[in-house]
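J.: Below are the structure tokens for one structure; questions will follow.
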Amino acid sequence: MANPKHLRWAHDGKNTDGSAFGSAEFGGWEIEVNGEPNFSVPAGWETDGQYEVELASIDAFQASGTYTVRMRVVGKNGIASVWSNPTTFVIDVREPTAPFGLAVA
């Protein structure tokens, strides 16, 4: 996908043993960008398990390039989930050339 606007994901509100994981346990979201981990994602806990942030709100996505990302959730206790499966997308930011032939007659 080229020039996406949003990062979307879901969480089932569970620990790996099937017990509940919710806002009381939630510490934050982390994203790995092109193999570099530990970028914080500006999103809280949602009771419906559906999440979305604008890519523009994450500094790592300001330049043109191909990005591969994975995410994980971190508990308040500091224990993190395993990384999600990766997804890849392209950001193509092009700057137009300047006008020319400007004249006053």
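J.: Kindly evaluate R94 against the criterion of being touching a residue at least 24 places away in the same chain (Cβ under 8 Å), assigned to a loop (DSSP other than H, G, I, E, B), out of contact with any Lys or Arg (no Cβ under 6 Å at 6 or more places or on another chain) and not aromatic (F, W, Y).
T.: yes
J.: May I ask you to list the residues in the stretch 48-105 that are within 15 Å of W29 (Cα to Cα) and of a type in the set (V, I, T)?
T.: Of everything in the stretch 48-105, those that are within 15 Å of W29 (Cα to Cα) and of a type in the set (V, I, T) turn out to be V53, I58, V69, V73, V74, I79, V82.
J.: For the stretch 1-42, enumerate the residues that are surrounded by 15 or more Cβ atoms within 10 Å (Cβ to Cβ) and either aliphatic (A, V, I, L, M) or in contact with a Pro (Cβ under 9 Å, 6 or more places away or on another chain) (or both).
T.: Hits for the stretch 1-42 are L7, W29, E30, I31, E32, V33, V41.
J.: Can you pull out the residues in the stretch 55-80 that are surrounded by 12 or more Cβ atoms within 10 Å (Cβ to Cβ), under 16 Å from F39 (Cβ atoms) and in contact (Cβ under 8 Å) with a residue 40 or more places away in the chain?
T.: Matches in the stretch 55-80: L55, I58, V69, M71, R72, V73, V74, A80.
J.: In addition: Which pairs do you get when a residue that is part of a loop (DSSP other than H, G, I, E, B), found in the stretch 6-31, comes within reach of a residue that is acidic (D, E) and exposed (fewer than 10 other Cβ atoms within 10 Å of the Cβ), reach meaning Cβ atoms under 9 angstrom, with the pair 6+ apart or on two chains?
T.: So the pair list comes out as F21/D12.
No value in this document is a laboratory result; all are computed from the given coordinates. Source: prediction; values computed, not measured. No Cβ is skipped: glycine too gets one built from the backbone with ideal geometry, and neighbour counts run over all protein chains shown.
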